[in-house]
Amino acid sequence: MVALVRGVHGLHGAVRAEVLTDRPEDRFVVGQALFREGDDRTLTIASAEAIADGPGWRLRFREVTSRDAADTLRGAYLEAVVRSDEDLARGSYYWHEVIGCTVRGVDGTELGTVKDIYRIGETEVFTVDDGPYASFDVPAVRAFIRIFAPRRGEIVVDAESLDLRLRRASGPDPTRPKAPRRRPRSRSASLEPPVSPPASEP
């Protein structure tokens, strides 16, 4: 995922997009193909600029030429297909590489599996389920994660810091806020954004 369409701008099909990538200057260039989540039709960027008086970017697509057409994109997540060999910063991983990893405590106890990832501000948050505790979230920060090894399919967390011993599996916590992100849909190529963990594989 590289963007979330928050609204429309003007009468000629431009949209206002929340940025979900760490590299907007590389992703939002004229001629770049984006895709609406769940839709294989191409959205080709005709113009792109950072919004000077607020957050986000203003994007216009060749295939979207009216305000009404742009309004159908409101609330849509946009994907960018990137090369599988595209360089990432050392210790960074795409979300699809992290989803499915086994999460363990420092004592080796299996706590569940990463089922989803969402972002709060600049921090990625892993949603863990299918373990001895109710579904819980792990912020990708050094205070909670001790080992981050997606290529081995393993994440080791400090369960005590997460207060997991106080939470036995009893179904979803009704007071827990709903995650603002959805699991990225898989494609044959890697999807944005990458995860920059606090601890990485050796």
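All of the numbers you see were taken from the coordinates with simple rules; none came from a lab. This is a predicted model, so every value here is computed, not measured.
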Roughly speaking, what is the stretch gain from Glu110 to Asp39, that is 0.36 nm per residue apart minus the C-alpha to C-alpha distance, in nm to one decimal? 21.9 nm
Length gained, Ala69-Arg151, 0.36 nm per residue minus C-alpha separation, equals 25.4 nm
Report the per residue volume, in Å³, of the convex hull enclosing the C-alpha atoms of the range 1-158. 132
